[in-house]
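> The structure is given below, and queries will be raised subsequently.
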Amino acid sequence: MSKFIINGQRPLKGEITVSGSKNAALKIFPVALLTHEPIKVFNVPEIEDIFRAQEMLIALGHEVKKTGKGAFELKFKNQKSADLPAGLVNKFRASVMFVGPMLVKFGEVRFPHPGGCVIGAAMRPIDMFVDNFEKMGAKVELSNNYYRLTAKKLKGADIFFHDITVTGTESLMMTACLADSETLLKNCAMEPEIVSLAEYLNSVGAKIEGAGTSTIKIKGVKKLRGGEYKIIPDRIEAGTFAMMAAASNAKIDIKNCEPKHLEALWFLFDKIGVNYKLSKDSISISPSKKLLAYDAKTHEYPGFATDLQPPYTVLMTQAYGSSLIHETIHDRRLLFTDSLTQMGANIVMADPHRVVVNGPTKLYARKLVSPDLRAGVALIIAALISRGKTEIDNIYQIDRGYERLDERLRNIGADIKRIS
Ligand code: EPU
């Protein structure tokens, strides 16, 4: 397993550029199943989760051709099988995004329940996918943890999501594009990635209204064309870099981002006293006089993103006072705070969803293991501000979502090495 070795407390300074959004780019691969025409996609982050999505699309009969840095052409060759390969489904949960497009385009799909996940319940549920495809007319069979969904023709339906789900909203939205008649989705997620996906789908012939609000209306069409799709900047990466700069008291300019997607973070920055400036597509962080503690509660967009909670928790270890961090989306996303405590942070776990961080505290280097993507990057921030040499193992988890992170951090002065 590869690891990072980080010598902390090096002064950070300079410019860092944000990649294309992982959670926007992942969705174009299932969308490619909906058309036989080629799709050109740009600004795709070259990260492990994207490689898994490409492998899935290839296994399902498409060609994926790299045409430049972050640029790919996706082209239908032949449908090979109705099976989503179990090895891939077990490795990445977003594989469930391929179910709807397979069903509407090819009438059948078979797959195991997506594998366990360290941030959610051991068997993260997929009821909001399966039950709603059933509502659209699919026949669902489940045996030995293996699903088989079949449908001659999916029909429009009136669907209410009992919880707000990002991939659920996107999945039903893309699938309904080729269903008979009209689908109404209620209590939808409103993330910028969903708006961007709807804009792309409309540009290739779909009829979607309301993406970015809680109700989305989709009129089924006969066919979608191929097209061109430029992936929006990764708001989670931008927010993470902003907190990395604030925690290490650095002067860093974050380029090629969309600050308007991070309003909940700017609210918190105002409360805690971060010295920052925004332009249309960049963020400048300068050293702050004193950081103050402030509570944060994760919420669906436009609230404070769960994917930004781990770096915010690290930032609070450097702020004066006590902050209550309340994680409301993913069940196990605060467990990584145990590693921060080992590094010297003063964190009290109230229950699995809430911790109190008392700061500021000095942090000290430790040998750590990255439990998941967002906690992994939070541990990197902790290591950058710690005394001594931290080792972070299992960095596949970080490579899943951040492209060449070590190289980009070295460019702003970090002492970080990758050991294979
Ligand atoms: N849920 C159900 N039933 C379902 C689906 C979800 O009960 O059928 C529950 C989940 O267990 C969770 C809640 O609903 O408690 C919300 O999960 P959601 O479905 O919104 O999460 P997701 O769509 O699987 C996406 C991002 C996550 C991000 C969440 C929340 C992608 C590929 N993933 O996940 O990103 O945390 O939305 O914003 O878009 C990450 O990038 O590190 C990451 C985990």
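The values are calculated or read from the model by the stated rules, or taken from the named source; none is laboratory data. Bear in mind that the values here come from a model prediction, so they are computed numbers and not experimental data. When we count neighbours, we look across all protein chains shown, and the Cβ atoms used for this are built from the backbone with ideal geometry, even at glycine. In case anyone asks, the SASA skips ligands and DNA or RNA and just uses the protein heavy atoms, side chains included. Shrake-Rupley method; radii C 1.70, N 1.55, O 1.52, S 1.80 Å.
> Kindly indicate whether H299 is within 16 Å of the ligand (Cβ to nearest atom) and open to solvent by less than 60 Å² (accessible area, probe 1.4 Å).
In short, no.
> Now a separate question. Kindly check whether there is at least one residue in the range 44-62 that is in contact with a Leu (Cβ under 8 Å, 6 or more places away or on another chain), without any contact (Cβ under 8 Å) to a residue 60 or more places away in the chain, open to solvent by 40 Å² or more (accessible area, probe 1.4 Å) and not charged (D, E, K, R).
Checking the range 44-62: not a single residue is in contact with a Leu (Cβ under 8 Å, 6 or more places away or on another chain), without any contact (Cβ under 8 Å) to a residue 60 or more places away in the chain, open to solvent by 40 Å² or more (accessible area, probe 1.4 Å) and not charged (D, E, K, R).
> For the range 349-370, what are the residues that are assigned to a strand (DSSP E or B), open to solvent by 50 Å² or more (accessible area, probe 1.4 Å) and either in contact with a Ser or Thr (Cβ under 9 Å, 6 or more places away or on another chain) or at pLDDT below 95 (or both)?
M349, Y364, K367, V369
> Could you tell me which of the residues D281, D270 is farther than 28 Å from C188 by Cβ and open to solvent by 10 Å² or more (accessible area, probe 1.4 Å)?
Numbers: D281 fails: farther than 28 Å from C188 by Cβ.
Going through D281, D270 in turn, the sole match is D270.
> Could I ask something else about it? Can you name every residue in the range 208-228 that is within 16 Å of the ligand (Cβ to nearest atom) and either surrounded by 17 or more Cβ atoms within 10 Å (Cβ to Cβ) or part of a helix (DSSP H, G or I) (or both)?
Within the range 208-228, A211, G212, I216 qualify.
> Please go through the range 371-401 and pick out each residue that is within 12 Å of the ligand (Cβ to nearest atom) and closer than 18 Å to R93 by Cβ.
P371, D372, L373, R374, A375, G376, Q397, I398, R400, G401
> Only one of G413, G401 is open to solvent by 20 Å² or more (accessible area, probe 1.4 Å) and touching a Leu at 6+ places or on another chain (Cβ under 8 Å); which?
Values: G401 fails: open to solvent by 20 Å² or more (accessible area, probe 1.4 Å).
That would be G413, the only listed residue that is open to solvent by 20 Å² or more (accessible area, probe 1.4 Å) and touching a Leu at 6+ places or on another chain (Cβ under 8 Å).
> OK, next. When only residues in the range 402-413 that are of a type outside the set (G, A, S) and assigned to a loop (DSSP other than H, G, I, E, B) count, which is farthest from the ligand (Cβ to nearest atom)?
Applying the first criterion (of a type outside the set (G, A, S)) to the range 402-413 yields 402-412.
From what is left, the residues that are assigned to a loop (DSSP other than H, G, I, E, B) are 402-404, 412.
Values: Y402: 10, E403: 14, R404: 18, I412: 23 Å.
Looking at the filtered set, the residue picked out is I412.
> Within the range 165-198, work out how many residues are in a helix (DSSP H, G or I) and under 20 Å from E300 (Cβ atoms).
Within the range 165-198, residues that are in a helix (DSSP H, G or I) and under 20 Å from E300 (Cβ atoms) number 16.
> Quick check on this structure: which one of G156, G205 is more than 11 Å from the ligand (Cβ to nearest atom) and either out of contact with any helix residue (DSSP H, G or I) (no Cβ under 8 Å at 6 or more places or on another chain) or charged (D, E, K, R) (or both)?
None of the other options fit; the residue is G205.
> Within the range 302-314, does at least one residue satisfy the condition of being assigned to a strand (DSSP E or B) and either open to solvent by 10 Å² or more (accessible area, probe 1.4 Å) or in contact (Cβ under 8 Å) with a residue 40 or more places away in the chain (or both)?
Yes, the range 302-314 has at least one match.
> Among the residues of the range 1-41 satisfying the criterion of being closer than 25 Å to A382 by Cα, of a type in the set (D, E, K, R) and over 18 Å from the mean Cα position of the chain (by Cα), which is most open to solvent (accessible area, probe 1.4 Å)?
Filtering first and then ranking leaves K13.
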